[in-house]
Amino acid sequence: MTAPTRNTSSTSTRGGQRGGRGSGQRGGQGSGQGQRGGQGADQRDDQRTAPHDPQPGAMPGPLGPPPKLGRGTLRVIALGGLAEVGRNMAVLEIDGKLLIIDCGVLFPEDNQPGVDLILPDFSHIADRLDDVVAVVLTHGHEDHIGAVPFLLRLRPDIPLVGSTLTLAFIEAKLKEHRIQPYTLAVKEGQVEQLGPFECEFVAVNHSIPDALAVAVRTSAGTVLHTGDFKMDQLPLDGRITDLRAFARLGEQGVDLFMVDSTNAEVPGFTTAEREITPVLDRVFGNAERRLIVASFASHVHRVQQVLDTAHKHGRKVAFVGRSMVRNMGVAADLGYLEVPKGVLIDLKQVDDLPDSQVVLMCTGSQGEPMAALSRMANGDHRVQVGSGDTVVLASSLIPGNENAVYRVINGLMRLGADVVHSGNARVHVSGHASAGELLYCYNIVKPKNVMPVHGEVRHLHANADLAVKTGVPRDRVVLADCGTVVDLREGRARITGAVKCGYVYVDGSSVGSITEADLKDRLVLGDEGFISVFVVVDSSTGKVVAGPEVHARGVAEDTSTLQSIAPKITDALSQAVGQGGGQGAKVDVHQLQQVVRRVVGRWAGTSLRRRPMIIPVVVEA
């Protein structure tokens with residue numbers, strides 16, 4: 001289906017119908033953004049706004065605000081996905097209109113306690129959401145679509161453009177957020193005009209069906225964004241990366257090639273998905289009791305292999321985990337997942353079958369604390385793992401998740417399970433192109449400029465080196481960070497500044513309220529504990545009339561040791577009151593709290609060799 005050309009008039013109509021909430025929120029944020037815009041205009045003649053060419057091979061250093069965007073220039077800003085694996089989001093701007101490619105989440109690490117998700121920073125575009133012509137989604141993984149609900153809270157009618165499966169996944173997610181999206185389904189070979197952006201969609205192979213690359217043609221030049229891709233020549237669904245389209249686009253001229261960098265350090269070619277099937281077959285054949293297979297909730301190919309192998313070995317499969325049930329239901333309904341007759345059962349039916357006939361397909365392969373597998377490892381799930389069970393982690397480690405995954409593996413083995421993972425068996429292959437495939441693409445496309453995306457700093461550098469080896473001049477390879485502004489003009493891509501681009505934390509129902517200082521406090525509480533001190537002072541004399549009462553949590557000291565600090569607190573408070581004017585002077589409660597904090601902090605540092613959080617409470621009587 002080829003939809004008619006889209007323009008902003010239809011979007012504006014829908015915006016008028018729903019504009020109450022979205023416009024109000026944007027208005028509040030717009031004032032701050034307006035100040036930033038004015039600042040940029042005033043400084044456009046400043047040297048900091050001139051095109052910036054960092055040292056070849058170096059990441060950009062501190063940058064000032066970018067200049068005002070002139071006509072005939074395409075601006076590219078990654079609001080996530082650079083120097084990190086996840087949170088992928090790129091914003092393209094020309095002629096006053098914005099096109100967003102992907103809008104994903106990043107999962108928290110151990111040093112971000114209590115955080116559920118990390119979002120891209122929308123502040124740069126918050127007051128310009130009416131200028132967004134569409135969000136193009138390359139595929140249905142969480143690191144590319146997970147932040148869409150939070151963006152649509154600001155403007156619910158932003159058109160979402162993507163393949164059938166990708167849109168089905170995001171629509172199911174948005175339903176939970178009670179958002180009805182405006183979508184446009186596309187397929188490979190289709191061309192859509194989205195405002196000043198002409199988008200051509202190209203089939204690519206990835207670890208999820210229906211993935212797409214997108215070529216964006218503008219008056220300033222053509223950008224080819226690969227999304228996540230690899231070049232599996234024998235994919236399970238028979239859908240290969242369309243290298244003929246890449247070659248054709250290269251012959252027409254690709255001015256900026258934005259390339260997946262995740263596996264740029266890995267030599268050769270990524271292993272084919274089909275090579276996992278014999279390994280799974282062997283694991284299933286050797287398993288005596290239940291099999292528990294953990295994977296991403298959107299990994300349709302892996303789930304298909306598990307279903308087929310289970311059918312071969314006479315086992316039944318039950319999906320465990322809300323997202324797994326939801327996504328596989330969507331994939332099956334659309335024909336992307338073929339379920340052998342009689343294989344799939346409800347989790348409630350598992351207890352009625354012998355363990356030797358059961359396979360549980362669940363989430364939690366990255367050690368996510370609330371996912372099904374982590375809860376099984378902690379004994380906090382209805383599925384109780386025991387001796388003789390076999391657990392398969394059918395995924396690779398995402399950088400930063402190592403400790404969480406190993407913690408789950410250790411917990412499962414402590415319960416008596418046999419754990420099979422990518423470290424001891426080939427139960428997973430990557431969904432990303434390795435160095436050999438990337439070299440192949442560079443030689444086919446022959447881009448004028450290259451911007452590595454989707455990867456940590458080491459991945460971006462490795463990808464840049466590959467581009468240079470194929471003949472791309474070093475000064476035409478742009479190594480950017482999140483928030484770096486890259487302008488494409490007259491066939492040349494240059495860094496011209498940077499915009500604010502921090503982490504936005506989701507903590508329960510709170511979005512953006514948690515700061516780095518809050519996380520630091522949480523880490524201190526977890527690592528050092530806290531000490532609270534309660535003191536009552538006379539409001540007229542400042543003398544201590546009750547307390548000090550000293551309490552601690554997470555500090556391995558008995559009560560008598562803690563109470564030894566009480567006389568020092570009393571003496572310090574008396575001295576502070578005397579220096580403040582003596583009796584009759586007004587008591588400064590805040591000052592006295594700081595006195596208590598200093599005394600307790602000095603004592604804890606010298607006596608306990610710790611730096612706990614200290615909470616002093618001084619009350620007037």
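The values are calculated or read from the model by the stated rules, or taken from the named source; none is laboratory data. Treat the numbers as computed from the prediction; the structure is a model and nothing was measured. Please note: Cβ atoms are built from the backbone with ideal geometry, for glycine as well, and neighbour counts cover all protein chains shown. When the accessible area is computed, the model is the full protein with side chains, heavy atoms only, and any ligands, DNA or RNA have been set aside. Shrake-Rupley method; radii C 1.70, N 1.55, O 1.52, S 1.80 Å.
By definition, a body whose alpha carbon gyration tensor gives a ≥ b ≥ c is oblate when a/c is 1.5 or more and a/b is not larger than b/c, and the range 427-492 fits this oblate description. Largest first, the residues Leu353, Leu280 sort by 1.4 Å accessible area into Leu353, Leu280.
Rank Asp481, Asp333, Asp232, Asp130 by accessible area, highest first, at a 1.4 Å probe radius?
Numbers: Asp481 60, Asp333 135, Asp232 5, Asp130 95 Å².
So the residues, ranked largest to smallest area, are Asp333, Asp130, Asp481, Asp232.
Dipole size in debye (nearest 20) for the range 310-368 around its Cα centre, Lys and Arg Cβ +1, Asp and Glu Cβ -1?
Numbers: 7 positive and 7 negative charges, 24 e Å.
Its charge dipole is roughly 120 debye.
Among 413-423, 152-162, what's the highest-first ranking by average C-beta atoms within 10 angstrom per residue? Provide the component values of the computation, followed by the final result.
Numbers: 413-423: 17.1, 152-162: 22.3.
Highest to lowest by the protection proxy: 152-162, 413-423.
Would the range 287-415 count as rounded, prolate or oblate if I go by the C-alpha gyration tensor, calling it rounded below 1.5 in a/c and otherwise prolate when a/b exceeds b/c, oblate otherwise? Provide the component values of the computation, followed by the final result.
Details: a/c = 1.82, a/b = 1.23, b/c = 1.48.
Oblate, because a/c is 1.5 or more while a/b does not exceed b/c.
Straight-line reach from Lys187: which lysines fall under 20 Å, measuring Cα to Cα and dropping same-chain residues less than 8 apart? Hits, sequence-local ones excluded: Lys230. Placing dummy labels 7 Å off each Cα toward the beta-carbon, the span from Gln384 to Arg153 is 4.0 nm.
A viscosity of 1.567 mPa s and a temperature of 4 °C, combined with the Kirkwood radius over C-alpha pairs in the Stokes-Einstein formula, give the range 70-194 a diffusion coefficient of 87 µm²/s.
Of interest is the spacing of the C-alpha centroids, which for the range 223-282 and the range 417-456 amounts to 8 Å.
For the peptides 563-576, 487-500, the ranking by mean Cβ contacts within 10 Å, running from highest to lowest, is 487-500, 563-576. Close amide-amide hydrogen proximity is noted between Val136 and Ile100, Ile101, Asp102, Val161, each under 5 Å apart and 5 or more residues distant or on a separate chain (H modeled in the peptide plane; Pro and chain starts excluded). Solvent-accessible surface of the range 274-376, taken per residue with a 1.4 Å probe and all protein chains present: 43 Å².
Ordering Lys469, Lys187 by accessible surface, largest first, gives Lys469, Lys187; the 1.4 Å probe counts only protein heavy atoms, with every chain in place.
What is the range 146-270 by shape, rounded, prolate or oblate, if you read a ≥ b ≥ c off the alpha carbon gyration tensor as root eigenvalues and call it rounded for a/c under 1.5, prolate for a/b larger than b/c, and oblate otherwise? All intermediate terms of the calculation are to be shown ahead of the outcome.
Values: a/c = 1.95, a/b = 1.33, b/c = 1.46.
Judged from the Cα gyration tensor, the range 146-270 comes out oblate (a/c at least 1.5, b/c at or above a/b).
If R0 is 22 Å, what FRET efficiency do you get for Asn286 and Glu402 from their C-beta distance, rounded to 0.05?
Efficiency at R0 = 22 Å is approximately 0.25.
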